[in-house]
Amino acid sequence: MMKKVIRDFECAMCGGCCASQDLVQLTTYELYRLSRSLQMEPAEFFDKYCVVTATSLNPMPHLYIKTVNGACPFLKDNKCSVHESRPYACQAYPMRVYWVLTRDMKDFVRAHYKLEDSCSLFKLDDNDVLLGDFELLSRQTIAYWVDDAYFSMAGGTVDLSVPYRVADLYIHDKGMRDVAKRYVVNPEHPPVAYDSELAYAKITLTLQAAVWDTSFALVSAERQETGEDARIGKYLLMATDDESVKALRLLVESGRLDLARTLAMESKARKGTFIVAALHGSSTDHVALGFVLGAEKGELEAFTENGNKPLYVFFKGSAADGKLTGFPLNIKI
Ligand code: SF4
Ligand code: SF4
């Protein structure tokens, strides 16, 4: 039988999904939009309606709207009282990625909610293909990545304005939206997934720069070769543009480089590869420069003597002044 493609899922507005959830998924970006529509301060909205927690579906801490006996506090007379500014997850429901087979979506909804009698999803043929709203899902994905990175790095101290500003920046960034769009179409495809991991690393650096209250630029970091020095052993040599080399050099040579953060994330898309992201900055100048690079696990182990010494990374531009500028990165692999 021909599959039917359903572009606009017709919600019967029964209110069932709004009354059968322990928590309603939210992001900080949406919290600001919702609190504005209710003329509340974001912190007040957070205290009254929200919780940051891990769930059985998502072990990472995230922001949610608390429900009362399974019902969202904004469900009034079986209708959403904040319809115009409802969270992306509610706007996109039941879609979480760009396309899905109706049968798989039904299985998911069946496993988590008791909606079979009311939801119009169950009136569709199992073989129909559901399509989501591309733009909406890409914005939701970016807002979600930002919160994911922020709540896993923030520890006990949370400043909601940080993930809000970073999400606002990247939701309006075409390059980031393109990565998120490719992701919502095909999240499991290795090249797409790897690009998403690089984007996530970039978001993490931007969040760290915002926590430090520094402006932030990402330096292009193209791997060139390895070198060896009697004092520090093997090091990685990266190529970048001359202006970035000058900026990095200024930070190092001025003696005002007092902020540093290095992350190493094992790639799920490329087995055995680590994404190393580093940020260096000056609290005096309120500026930070970051770079992201990929390295093989075995190579990182060799460079760092199994994590016992820093990874040295040096940069050079095309100007042949013979000077290298670089940093030791303390990474955990
Ligand atoms: S915000 Fe509105 S659409 Fe979302 S769960 Fe609450 S009542 Fe339902
Ligand atoms: S349960 Fe289904 S039909 Fe009812 S409001 Fe939710 S999405 Fe719409």
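So if R0 is 25 Å, what FRET efficiency would residue 37 and residue 120 give, r being the distance between their Cβ atoms, rounded to the nearest 0.05? With a Förster radius of 25 Å, E is 0.40. Compute the angle between helix 242-253 and the longest alpha-carbon principal axis of the chain, please, reported from 0 to 90 degrees and rounded to the nearest 10. Value to nearest ten degrees: 70.
Using a simple spin-label model with pseudo-atoms 7 Å out from Cα toward Cβ, residue 85 and residue 265 lie 3.0 nm apart.
Surface analysis of region 5-134 yields an accessible area of 55 Å² per residue, using protein heavy atoms and a 1.4 Å probe. A probe of 1.4 angstrom, applied to the heavy atoms of all protein chains, finds residue 299 with accessible area near 50 square angstrom. May I ask for the angle, rounded to the nearest 10°, between helix 134-153 and the longest principal axis of the chain, with both axes built from Cα atoms and the value confined to 0 to 90°? For helix 134-153, the angle is close to 60 degrees.
Accessible surface area normalised per residue over region 218-329 is 51 Å², counting heavy atoms of protein chains with a 1.4 Å rolling probe.
Residue 51 sits with roughly 40 Å² accessible to a 1.4 Å probe, with DNA, RNA and ligands left out of the calculation.
Accessible area of residue 18 (1.4 Å probe, protein heavy atoms only, ligands and nucleic acids ignored): about 40 Å². For the chain, take the longest principal axis of its alpha carbons; what is the angle in degrees between that and the long axis of helix 190-212, to the nearest 10 within 0 to 90? Roughly 80 degrees between the two axes.
Heavy-atom accessible area, probed at 1.4 angstrom with all protein chains present, ranks 189, 62, 172 as 172, 189, 62, highest first.
As a fraction of the 1.4 Å probe accessible area of region 136-212, surface on carbon and sulfur atoms comes out at 53 percent. Accessible area per residue (1.4 Å probe, heavy atoms of protein chains only) ranks 332, 76 as 332, 76, with the largest value leading. Excluding same-chain pairs closer than 8 in sequence, count the lysine pairs in region 218-329 whose Cα atoms lie under 28 Å apart. Eligible lysine pairs with Cα atoms under 28 Å apart amount to 17.
Residues considered: 147, 159, 77. Largest GNM mean-square fluctuation over the chain, using C-alpha springs under 10 Å, is found at 77. Restricting the GluC sites (Glu not before Pro) of region 89-197 to loop positions (DSSP other than H, G, I, E, B) with no more than 16 neighbouring Cβ atoms within 10 Å leaves 116, 188. Filter the trypsin sites (Lys or Arg not before Pro) in region 134-232 to those in DSSP coil with at most 13 other Cβ atoms within 10 Å of their Cβ, and list the result. Sparse-neighbourhood loop trypsin sites (Lys or Arg not before Pro): 231.
The values are calculated or read from the model by the stated rules, or taken from the named source; none is laboratory data. Just so you know, these numbers come straight off a predicted model, no measurement behind them. No Cβ is skipped: glycine too gets one built from the backbone with ideal geometry, and neighbour counts run over all protein chains shown. Protein only, heavy atoms only, side chains kept; ligands, DNA and RNA dropped before computing areas. Shrake-Rupley method; radii C 1.70, N 1.55, O 1.52, S 1.80 Å.
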